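Visitor: Dropping a structure here in structure tokens format, bear with me for questions.
The values are calculated or read from the model by the stated rules, or taken from the named source; none is laboratory data. Given the structure is predicted, the values throughout are model-derived calculations rather than measurements. Every residue, glycine as well, gets a Cβ built from its backbone with ideal geometry; the counts of neighbours run over all protein chains shown. Just so you know, the surface numbers come from the protein's heavy atoms only, side chains and all, with ligands and any DNA or RNA stripped out. Shrake-Rupley method; radii C 1.70, N 1.55, O 1.52, S 1.80 Å.
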Amino acid sequence: MKQSIWGVTPAELEDIVATVGAEPYRARQILAWLYQRNAASFDEMTDLPAGLRSVLDNRLDLSLPPVLTLQEADDGLTRKLLLQLPDGETVETVLMQYPEAPGSRERATVCVSTQVGCAMGCVFCATGQAGFVRNLPADQVVAQVMSFVRDVHRPTNVVFMGMGEPLANYASMWKAVEILNDGRCLGLGARHITVSTVGLVPGIRRLAREKLQVNLAVSLHAPNDALRRQLIPTTGQPIAELLAACREFFEASGRRVTFEYVLIDGVNDSRDLARELTQILRGFPCHVNLIPVNPTPDASIRR
Ligand code: SF4
């Protein structure tokens, strides 16, 4: 079976071309064709010797997952793809475009999934209610972004906020970050990559130690442990421990953490809880992102 190119780092590609007797600079040429010139086959890489193209074509798969459905918002700025994976599972990825505002450049953010399903079981999330199926390998994460790139939508930002908990699939998530960031691949700056977690403390600490400093978003959703456990039943760590890990991340990276707070009518949106939230975050340089909850089949979850 061929290996997907989308999970191959530049160093790994140099090794692959070396094993077929080619010079390392061939790897750089191939990556430029893929990531800058949107080549979909080795045949298009006309500055590579025909023999090398044919050998590599037998080893590496350049295809992207077939698009099962494409949903587009009325304004044409948001596109959601449902992608078919080789084992029959499916995964969603979303492109959100923000038109150029005076004084700022146009932004296009791709939101990627890192798992099929999710084990975290957040009560307001349809994916969480459906349960966990499997982790995505790095190539299936990078391929989500490239599905838009090949369709001429080059992202300025990538957020790991789709289906699944990225820190529960750390190795693949991080390999995808490194490939997207590498200047020989997509060259997306670390400042333009955000990893969003439900709050896995060991993963946050590991992220704090990485050389590449991406942004961190943490799903808080409640200012106290009792309410947070109702909303995220699998959360084991107390908020105090979660905030300590977030401070560690801030101190190591200098990046403000964003706390996501999904607003559910009558559950976590009272003034008292808002005050409690300001108390637990007082003095911590951070952002709080209030998000009206998306409707789910569960009638008790209202915006
Ligand atoms: Fe849904 Fe994210 Fe919670 Fe998983 S962690 S259940 S994907 S909201």
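Visitor: If you check Ser270 against the conditions, is it out of contact with any Pro (no Cβ under 7 Å at 6 or more places or on another chain), crowded, with 17+ Cβ neighbours inside 10 Å and not hydrophobic (A, V, I, L, M, F, W, C)?
Guide: The answer is no for Ser270.
Visitor: For segment 132-242, which fully contained helices (runs of 4 or more DSSP H) count at least 3 residues that are out of contact with any Pro (no Cβ under 6 Å at 6 or more places or on another chain) and open to solvent by 20 Å² or more (accessible area, probe 1.4 Å)?
Guide: 170-181, 201-209, 225-231
Visitor: When you look at Val123, is it modelled with pLDDT under 95, outside any strand (DSSP E or B) and touching a helix residue (DSSP H, G or I) at 6+ places or on another chain (Cβ under 6 Å), yes or no?
Guide: Considered against the rule, which asks whether it is modelled with pLDDT under 95, outside any strand (DSSP E or B) and touching a helix residue (DSSP H, G or I) at 6+ places or on another chain (Cβ under 6 Å), Val123 comes out as yes.
So that you can scan it fast, the table gives a plain yes or no per residue for (1) of a type outside the set (D, E, K, R); (2) under 26 Å from Gln36 (Cα atoms); (3) within 16 Å of the ligand (Cβ to nearest atom):
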{"residue": "Met120", "(1), (2), (3)": "yes, no, yes"}
{"residue": "Thr127", "(1), (2), (3)": "yes, no, yes"}
{"residue": "Arg134", "(1), (2), (3)": "no, no, yes"}
{"residue": "Ser147", "(1), (2), (3)": "yes, yes, no"}
{"residue": "Val158", "(1), (2), (3)": "yes, yes, no"}
{"residue": "Ala176", "(1), (2), (3)": "yes, yes, no"}
{"residue": "Asp182", "(1), (2), (3)": "no, yes, no"}
{"residue": "Gly189", "(1), (2), (3)": "yes, yes, no"}
{"residue": "Ser196", "(1), (2), (3)": "yes, no, yes"}
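Visitor: Here is a check on your reading of the model: is Pro285 free of Cβ contacts under 8 Å to residues at least 60 places away in the same chain, open to solvent by 20 Å² or more (accessible area, probe 1.4 Å) and within 25 Å of the chain's Cα centre (by Cα)?
Guide: Criteria met by Pro285.
Visitor: Can you go through Val142, Val116 and tell me which one is touching a Lys or Arg at 6+ places or on another chain (Cβ under 9 Å), within 16 Å of the ligand (Cβ to nearest atom) and within 29 Å of Ala208 (Cα to Cα)?
Guide: Within the list Val142, Val116, the selection yields Val116.
Visitor: Before we move on, is Thr90 touching a helix residue (DSSP H, G or I) at 6+ places or on another chain (Cβ under 8 Å), within 16 Å of the ligand (Cβ to nearest atom) and closer than 24 Å to Ser4 by Cβ?
Guide: no
Visitor: Tell me which of these Glu106 doesn't satisfy, since it passes every other one: (1) over 18 Å from the mean Cα position of the chain (by Cα); (2) surrounded by 21 or more Cβ atoms within 10 Å (Cβ to Cβ); (3) not hydrophobic (A, V, I, L, M, F, W, C).
Guide: For Glu106, the exception is condition (2).
Visitor: All but one of (1) open to solvent by less than 70 Å² (accessible area, probe 1.4 Å); (2) free of Cβ contacts under 8 Å to residues at least 24 places away in the same chain hold for Ala299, so report the exception by its number.
Guide: Exception for Ala299: condition (1).
Visitor: Hey, Val116 hits all of (1) touching a helix residue (DSSP H, G or I) at 6+ places or on another chain (Cβ under 7 Å); (2) farther than 21 Å from Leu60 by Cα; (3) modelled with pLDDT of 95 or more but one; which does it fall short on?
Guide: The failed condition is (1).
Visitor: Could you check segment 210-236 and list, in sequence order, the residues that are away from the ligand (no atom under 14 Å from the Cβ), more than 20 Å from Asn157 (Cα to Cα) and touching a helix residue (DSSP H, G or I) at 6+ places or on another chain (Cβ under 7 Å)?
Guide: Within segment 210-236, Pro223, Asn224, Asp225 meet the criteria.
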